[in-house]
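Trainee: The structure follows.
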Amino acid sequence: MTDAQDPDIVILDQALVDGNIERIFEALAKLWRRHWDLPDSEVANSENTFLAWLASVWDVVENYMSGSRDRVLSAIEARKLADEALDDGSRVVPAMVALLLSVVANDLALFEAALTEETTDDATPDDADIFNAIASGEVAEVQAALTRHTGDLNTAFAIDGGDDCSMILTPLMYACASWIYPYISDETNSILSLLLAHPTIDINATTPGGATVLMQTAQDGCESAMRVLLEMPDVDVNHQDHDGCTALYYASSSIYDAFNSELDDRAPVVQALLDHNDLDINLTTTDGESPLIAAVRSGQEGICKLLLQLPTLNVNCQGPAKMHLSLHETTGNQTALYIASELGQTELVEAMLTRADVDVNLPDEAGNTPLIAALSSSRLAVVEKLLAHPTLLVNAQFREDKATALFVACENGLDKVVSLLLAREDIDVNATNSTGVSPLLAAMRFGHLAIVDLLLARADVDVNCRGTAKEETALHVATREGQTDLVQKLLHRMDIDVTVPNKAS
């Protein structure tokens, strides 16, 4: 397999071409793991190393990403700049590909083959004329440029947008780009209308990655441009790019700003899309992620609440495993409720729980329920909300190890969570895991004595349960560990059986 055929490199290349920062980070993370040959079990423990590496990557990129807004470069010229490593302040997306891959490989030439295929056509002076006219913000200049233009107005070119915006854009996309608006001022809508009225411009024209102007505008978060586009009768509001992303998905998922570390509020753009009669709110990406899940992961509470108001929303859609910027790897099949519970988004959890169709017990592929996700992250407020839901199965054993929420809380020393769980009348304090270990034995095994006291205060706890490979009771463990106080507490129990043998009799 050549570097150009490497699927991970192709994914990174396409993410960079489309300007999707979140997917760029995910692709880079995967390449980083491959470069250092890290097994999945060690990735989460390498967070600081990864973030330091990522910061160094973007420091390098930032040094090469200044330039004029109206410059148009071909893919060939961009690759030449990358290969020669010229610090002339005119880096564009294809150059970023070479630069980022060279950092990963510590060798500028190693992934040169990944850039050998053209992603855009060469930009002629005729093409540059259109982009320059749009950047001027003058309707008359755009009209004159359209009259002079003889090429295809739906072709996407590599555009250097300045400090933090390099993308593959058509002229129409360029006119809708958020970083152009300060330069267009009040004539923005007039320029858009002029372009949209041109007989050869296709509002559904795509980039090499399959993105349309509607998607790019949703990603940029410009409501006024979005509403102009949505007024067009032939706009495909449900078009999906090569990754299955729709305009609604792009608007619902945050785009991480690598330089400002800010997230834009896209709620007005989402509302504009929701106002369109043909919108399908449940279309997922190729790996199964819905706009709702994307919004929850991104912390876009306003967007989540807009979506949750819609009766046709599939609130129980289960998404794929997702790598966050913090390099926190999770299992797949997580619902929006699961993710919000794990992240401690109490208001969102509360909003989801008001829906009659929400499945509060739907587990991820590892069998963890939203309740286990919340308590494992010490989200007490969320735990309380979930415990108050009438359909919650507090004793659910969906995991392969058959651990209940109480077992997980006892094992991890979460005494406040244990107190909340023990307040439930239907709690099974003796439900064991697949090896026969009870919550009491789990708490003792890890030395969580405060939790042991909470459990021993209940008359229904089975103090004679034998678990672990040694078939030991709580009294066996306390005696072996020399826990005199605990031995005394156990001996004061009326139901204690001091004659129960362990495996060694």
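Trainee: Quick one: if you stick a label point 7 Å off each Cα along the C-beta vector at Asn430 and Asn395, how many nm between them?
Mentor: Each label point lies 7 Å from its Cα, and together they span 1.0 nm.
Trainee: Something else now. Pick out, in residue order, every one of the GluC sites (Glu not before Pro) in segment 358-417 that is DSSP loop and has at most 10 other C-beta atoms within 10 Å; say none if there are none. Walk me through the numbers before you get to the answer.
Mentor: Details: sites: Glu365, Glu384, Glu400, Glu411; in loops: Glu365, Glu400.
The qualifying sites are Glu400.
Trainee: Follow-up. So who's got an amide H within less than 5 Å of the one on Thr155, skipping anything under 5 residues away but keeping other chains? H placed 1.01 Å off N, in plane.
Mentor: Residues meeting the criterion, in which the H sits 1.01 Å from N, do not exist here.
Trainee: Here's something else I'd like to know. Whose amide H sits under 5 Å from the amide H of Cys465, counting only residues 5 or more places off or on another chain, with H placed in the peptide plane?
Mentor: Ala474
Trainee: Let me ask something additional. Would segment 203-257 count as rounded, prolate or oblate if I go by the C-alpha gyration tensor, calling it rounded below 1.5 in a/c and otherwise prolate when a/b exceeds b/c, oblate otherwise?
Mentor: oblate
Trainee: Can you pull the percent of Cα pairs in segment 422-470 with separation above 12 Å?
Mentor: Value for segment 422-470 (Cα pairs over 12 Å): 61 percent.
Trainee: Next question, about the same structure. Residue by residue through segment 427-440, which ³J(HN,Hα) values in whole Hz follow from phi under the Karplus form 6.51 cos²θ - 1.76 cosθ + 1.60 (θ = phi - 60°), with glycine and proline marked x?
Mentor: With the stated coefficients, segment 427-440 comes to 5, 9, 6, 10, 4, 8, 7, 5, 9, x, 7, 8, x, 4 Hz.
Trainee: Quick one: length gained pulling Ser190 to Val500 fully straight, 0.36 nm per residue minus the C-alpha distance?
Mentor: Full-extension gain reported as 103.0 nm.
Trainee: Another question about this same structure. Could you work out, for segment 300-393, what percent of all Cα-Cα pairs fall into each 5 Å distance bin, beginning at 0 Å and stopping at the bin that holds the largest distance?
Mentor: The distribution over segment 300-393 is 3, 15, 26, 27, 21, 8, 2, 0, given as percents.
Trainee: Could you run the Karplus curve 6.51 cos²θ - 1.76 cosθ + 1.60 with θ = phi - 60° over segment 270-283 and give me ³J(HN,Hα) per residue in whole Hz, x for Gly and Pro?
Mentor: With coefficients 6.51, -1.76 and 1.60, one gets 4, 4, 4, 5, 5, 6, 7, 5, 8, 5, 9, 7, 10, 4 Hz.
Trainee: I would also like to ask the following. Put one equal scatterer on each alpha carbon of segment 391-505, apply the Debye formula with no solvent term, and list log10 I(q)/I(0) at q = 0.09, 0.12, 0.17 1/Å to two decimals.
Mentor: Taking Cα atoms of segment 391-505 as identical point scatterers yields -0.21, -0.38, -0.78.
Trainee: Moving on to the next point. Taking square-rooted eigenvalues a ≥ b ≥ c of the alpha carbon gyration tensor, is segment 198-308 rounded, prolate or oblate, where a/c under 1.5 means rounded and, failing that, a/b exceeding b/c means prolate?
Mentor: rounded
Trainee: Right, here's the next one. Enumerate the calculated ³J(HN,Hα) couplings along segment 443-454 in order (Karplus 6.51 cos²θ - 1.76 cosθ + 1.60, θ = phi - 60°), each rounded to whole Hz, writing x wherever the residue is Gly or Pro.
Mentor: Using θ = phi - 60°, the values come out as 5, 5, 4, 9, x, 8, 5, 4, 6, 4, 4, 4 Hz.
Values in this text are rule-based calculations from the coordinates and carry no lab data. It should be emphasised that the depicted structure is a prediction, and the values quoted were computed from it without experimental measurement. Note: ideal-geometry Cβ built from the backbone for every residue, glycine included; neighbour counts use all protein chains shown.
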